[in-house]
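Asker: Sharing a structure with you now.
The values are calculated or read from the model by the stated rules, or taken from the named source; none is laboratory data. Remember, predicted model here, so these are calculated numbers, not experimental data. Ideal geometry is used to build each Cβ from the backbone, glycine not excepted, and the neighbour counts take in all protein chains shown. Each accessible area value is taken on the protein alone, full model and side chains, heavy atoms only, with ligands, DNA and RNA left out. Shrake-Rupley method; radii C 1.70, N 1.55, O 1.52, S 1.80 Å.
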Amino acid sequence: MELLDQISENLQKGKAKAVKELVRQAIDEGIPADTILNEGLISGMDVIGAKFKANEIFVPEVLIAARAMNMGAALLKPILAEDGAKTTGKVCIGTVKGDLHDIGKNLVRMMLESKGLEVIDLGVDVTAERFVETAQKEGCQIICCSALLTTTMGVMADVVKAAKDAGIRDQVKIMIGGAPVTQAYCQQIGADAYTPDAATAAEVAVALLKG
Amino acid sequence: MTERENMQLVWDHKRPGWVPMMTKASQMLITPEINDRPLFADGNDWFGVPWELDPDNPQFMTHVKPGFSMFDDITEWKDYITFPKMSSLNWEMIGGRTKAMWADKENTMGYVVCNMGAFEKINAIMGFENGLCALYDTEDYIDFVNAYADYRIEEMYYVKKYMDADFMMMHDDWGNQNNLFLSPDLWREIFKEPERRMAEACRNLGMHYMHHSCGYIEPIVGDLVEIGVESWHSVSPVNDLAKIKAEYGDKLVFAGGVDPQVTDRLDASEEDIRKEVRRCIDVLGKDGGLLCGSAVMFSTVQGVDALIEDEGTKYGKY
Ligand code: B12
């Protein structure tokens, strides 16, 4: 469908206004909202994610594409809600206590959203307790922690421990990432998954939700 | 030979007697009057950006108040930004203080850090995400970077005249762990010419020009050499350093090089830290060309700087 391709292409170029207009046009033409979302917006973000992962495009290009996606998605949201569409999973994300680096965390959030997941963004400087309390209260299946400092990445181990102490460790998956984090560290602290980039993070989250 | 003379040999691409350690062979000359950012207390900078100190992290410097953004459309920057006049500062007083704090001038090289380059400055003023998106309003962005370069060039003139510094370090982090923040071509379009002008002005004043950038910047290292940037500080091992050393080692001085992702860990052993210093010297210090130290200048973990200096002094013999 040509219109959906146009949405995807304009999204990839970060043309927010064009995306908004095309989404409106698609709604007017009677294309179902979830089709517009999946085959227009999400398919465009999938291309962006793949190119970012391959280091073919850069952080600002992802940001402007995600902004365009949000513009389009805002128009679809009320219709999807009316249709009773359910999101495929719920995630809470934040940068750990003592750490203020948030671009990586925000990119992971955008990529998760572009997979249709509902994301609660706790911002920066988030304590282990707050991650776990939020997961409990909101029923999140995944906790995502970002740390950019070797001096703060230890908080991620605290999150794993806090989830155990709260008795929810078997109900929640814990994903970790950020510049100094490695697969070995993930194993060492008993978290569930590490990925080096945001696009892969979203793919892994979807896989974890499928079980 | 003094530490100072030895360091000069590195700048001149001659073989030094030993690897100069930054913390030993050079003295940072502070200029808190140039209010790029309040360093150790809450307050606004010259541009009106609010900075705060994290009481939980007293070892860190201040950071921009989270969520702050002065404007989100860079085409309007002139409505918000006026550049302060460097001439308005009491340079006689700054010069006097410099003399007092740089007691060992015979033995050390003095340097002044431009705490923020244009990229970091825009990101502080607009908020990081807005600043990154602003790169696509390229003409206006270039306008700002050029005006900013003029402002820093004015600073260099006073720094030379009243402080008699030996080199300047421009702090602008263009890289992250995985990549440059912007494409090499866009970097060339926006930053290359203003950077060339700053390097040239600095050298013409008789000071060496060093650029600090964290992260992966391998695709533009050749450009930096081409435009007269004499030294690259930080030099993260996410770059192919052996290759860069082989290609540009005779033209580019490497500074820093010791990776805080290895040394600044609470679980790092003394041997982990010493080993990292040796890695740095092995890959970057062959036949000179290295001013060794932490890539963050001062480690955020206590005791690490002393270990780096000690190991570098012992291991860095030619
Ligand atoms: C930009 C930056 C800053 C900015 C941050 C602005 C902001 N709003 O985020 C500012 C200037 C504020 C800053 C401050 C500091 N910084 Co800083 N900073 C950086 C820099 C240059 C880039 C970070 C970045 O934005 N990357 C871009 C994003 C896209 O990448 P990313 O975060 O790695 O995320 C990707 C992946 O890791 C992954 N990912 C990220 N999170 C998650 C989470 C999950 C669950 C998963 C699966 C994946 C995932 O996906 C992302 C996208 O693909 C790095 C250099 C580096 N090598 O990373 C230093 C760096 C992280 N900073 C460093 C330091 C030391 C500091 C300061 C302490 C400096 C000081 N003395 O004040 C302060 C600390 C402030 C604080 N309390 O947090 C050091 C840390 C060294 C160490 N010990 O580990 C670094 C490595 C620089 C260096 N070479 O020394 N910094």
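Asker: How would the stretch B:3-315 be classified by its alpha-carbon gyration tensor: rounded, prolate or oblate, with rounded meaning a/c under 1.5 and the a/b versus b/c comparison settling the rest?
Answerer: Values: a/c = 1.40, a/b = 1.32, b/c = 1.06.
It comes out rounded by the Cα gyration axes.
Asker: Something else: List the GluC sites (Glu not before Pro) in the stretch B:1-107 that DSSP assigns to loop (not H, G, I, E or B) and whose Cβ has at most 14 other Cβ atoms within 10 Å. Which are they? The partial results should precede the final answer.
Answerer: On the way: sites: B:3, B:5, B:33, B:52, B:76, B:92, B:106; in loops: B:33, B:106.
Sparse-neighbourhood loop GluC sites (Glu not before Pro): B:33, B:106.
Asker: Right, next: Which of the lysines could be linked to residue B:275 by a straight reach, that is with a Cα gap under 16 Å, when you skip same-chain ones fewer than 8 residues away?
Answerer: B:314, B:317
Asker: If you count the DSSP beta bridges with both ends in the protein assembly as shown, what percent of them are antiparallel, to the nearest 5? Before the final figure, lay out the partial values.
Answerer: Details: 6 of 49 bridges.
The antiparallel fraction comes to roughly 10 percent.
Asker: Quick one: dipole size for the protein assembly as shown, taken about the Cα centre, charges +1 on Lys/Arg Cβ and -1 on Asp/Glu Cβ, in debye to the nearest 20. Don't jump to the answer; show the numbers that get you there.
Answerer: Values: 53 positive and 83 negative charges, 183 e Å.
Charge dipole, the protein assembly as shown, about its Cα centre: 880 debye, nearest 20.
Asker: Turning to a different aspect of this structure: Using 7 Å Cα-to-Cβ label points, what is the residue B:42/residue A:184 separation (nm, one decimal)?
Answerer: 4.2
Asker: How much length is gained on full extension from residue A:83 to residue A:24, taking 0.36 nm per residue of separation minus their Cα-Cα distance? Don't skip to the answer; put the middle values down first.
Answerer: Values: separation 59, 0.36 × 59 = 21.24 nm, distance 1.71 nm.
Roughly 19.5 nm would be gained on extension.
Asker: Just how large is the dipole of chain B about the Cα centre, in debye to the nearest 20, putting +1 at every Lys and Arg Cβ and -1 at every Asp and Glu Cβ? Don't skip to the answer; put the middle values down first.
Answerer: On the way: 31 positive and 55 negative charges, 258 e Å.
That gives a dipole near 1240 debye.
Asker: Return the subset of A:161/A:210; A:53/B:65; B:78/B:99; A:77/A:97 for which the Cα-Cα distance in this structure is over 27 Å, preserving the input order.
Answerer: Checking Cα-Cα distances, A:53/B:65; B:78/B:99; A:77/A:97 exceed 27 Å.
Asker: Which of the three applies to the stretch A:90-210, rounded, prolate or oblate, going by the alpha-carbon gyration tensor with a ≥ b ≥ c and a/c under 1.5 meaning rounded? The partial results should precede the final answer.
Answerer: Numbers: a/c = 1.24, a/b = 1.02, b/c = 1.21.
It is rounded, given that a/c, with a ≥ b ≥ c, falls under 1.5.
Asker: For the Cα atoms of chain B, what angle does the longest principal axis make with the long axis of helix B:193-204, in degrees from 0 to 90, nearest 10?
Answerer: Around 60 degrees separate the two axes.
Asker: Sticking with this one: From the square roots a ≥ b ≥ c of the eigenvalues of the alpha-carbon gyration tensor of the stretch B:30-86, which class results: rounded (a/c under 1.5), prolate (a/b over b/c), or oblate? Please list the in-between numbers first.
Answerer: On the way: a/c = 3.67, a/b = 1.46, b/c = 2.52.
Verdict is oblate for the stretch B:30-86.
Asker: Which loop-located GluC sites (Glu not before Pro) does the stretch B:113-153 contain, where loop means any DSSP state but H, G, I, E or B and the Cβ has at most 12 other Cβ atoms within 10 Å?
Answerer: Values: sites: B:120, B:129, B:139; in loops: none.
Hits after loop and neighbour filter: nothing returned.
Asker: Could you look at chain B and say what percent of its accessible area is carbon and sulfur, using a 1.4 Å probe and all protein chains? Could you put the intermediate results ahead of the total?
Answerer: Numbers: 6550 of 12920 Å².
The nonpolar share, carbon plus sulfur, comes to 51 percent.
Asker: Please give the helix B:91-101 orientation as an angle from the longest Cα principal axis of chain B, in degrees from 0 to 90, rounded to the nearest 10.
Answerer: 20
Asker: Nearest-5 percent of antiparallel DSSP beta bridges in chain B?
Answerer: Details: 6 of 32 bridges.
Roughly 20 percent of the DSSP beta bridges within chain B come out antiparallel.
Asker: Further question on the same structure: Stretch residue B:140-residue B:93 to full length: gain in nm at 0.36 nm per residue minus the Cα-Cα span?
Answerer: Values: separation 47, 0.36 × 47 = 16.92 nm, distance 3.67 nm.
Gain in length upon complete extension: 13.3 nm.
Asker: State, in square angstrom and to the nearest 100, the accessible area buried between chains A and B, both chains counted, probe radius 1.4 Å. Spell out each step's value before the answer.
Answerer: On the way: alone 10420 and 13950 Å², together 22270 Å².
For A against B, buried area totals roughly 2100 Å².
Asker: What are the radius of gyration and Dmax of the stretch A:1-50, computed over its Cα atoms and given in Å?
Answerer: Calculated on Cα positions, Rg and Dmax stand at 9.7, 31 Å.
Asker: Separate question: Straight-line reach from residue A:164: which aspartates and glutamates have Cα under 16 Å away, leaving out those fewer than 8 places along the same chain?
Answerer: Straight-distance partners of residue A:164: A:129, A:133, A:192.
Asker: Describe numerically, in nm with one decimal, the distance between label points set 7 Å from Cα along Cα→Cβ at residue B:9 and at residue B:188.
Answerer: Label-label distance for residue B:9 and residue B:188, simple model: 3.8 nm.
Asker: Another question, if that's okay. For chain B, what is the mean residue ellipticity at 222 nm derived from helices alone (per DSSP H run of n ≥ 4: -39500 (n - 2.57); sum divided by total residues; nearest 500 deg cm²/dmol)? Write down the numbers at each step before the final one.
Answerer: Working: 14 runs with 129 residues, N = 318.
My calculation for chain B gives -11500 deg cm²/dmol from helical runs alone.
Asker: The stretch B:128-150: which residues show an accessible-area loss of 40 Å² or more, assembly versus chain alone, 1.4 Å probe?
Answerer: So the qualifying set is B:129, B:132, B:133, B:136.
Asker: Can you list the DSSP H helices in chain A whose Cα atoms extend at least 24 Å along the helix axis and whose mean Kyte-Doolittle hydropathy is 1.0 or higher?
Answerer: Details: long enough: A:59-82 (34 Å, 1.03).
Those that pass (Cα extent of 24 Å or more, hydropathy at least 1.0) are A:59-82.
Asker: Ignoring ligands, DNA and RNA, what percent of the accessible area of the stretch A:23-70 is carbon or sulfur (1.4 Å)? The partial results should precede the final answer.
Answerer: On the way: 960 of 2020 Å².
On the stretch A:23-70, the fraction of accessible area on carbon and sulfur atoms equals 48 percent.
Asker: Here's something else I'd like to know. Does anyone have the angle between helix B:270-284 and the longest principal axis of chain B? Alpha-carbon axes, 0 to 90°, nearest 10?
Answerer: Its long axis makes an angle of about 80 degrees.
Asker: For labels at residue B:275 and residue B:161 in the simple 7 Å Cα→Cβ model, what's the distance in nm?
Answerer: 5.3
Asker: What range in chain A is the longest one free of GluC sites (Glu not before Pro) that are in a loop by DSSP and have at most 13 other Cβ atoms within 10 angstrom?
Answerer: Looking at chain A, A:57-211 is the longest stretch - no exposed GluC sites (Glu not before Pro) with at most 13 other Cβ atoms within 10 Å.
Asker: Same structure again: Quick one: if the Förster radius is 45 Å, what FRET efficiency do residue B:267 and residue A:54 give, using the C-beta to C-beta distance and rounding to 0.05?
Answerer: Numbers: r = 33 Å, r/R0 = 0.74.
Calculated transfer efficiency: 0.85.
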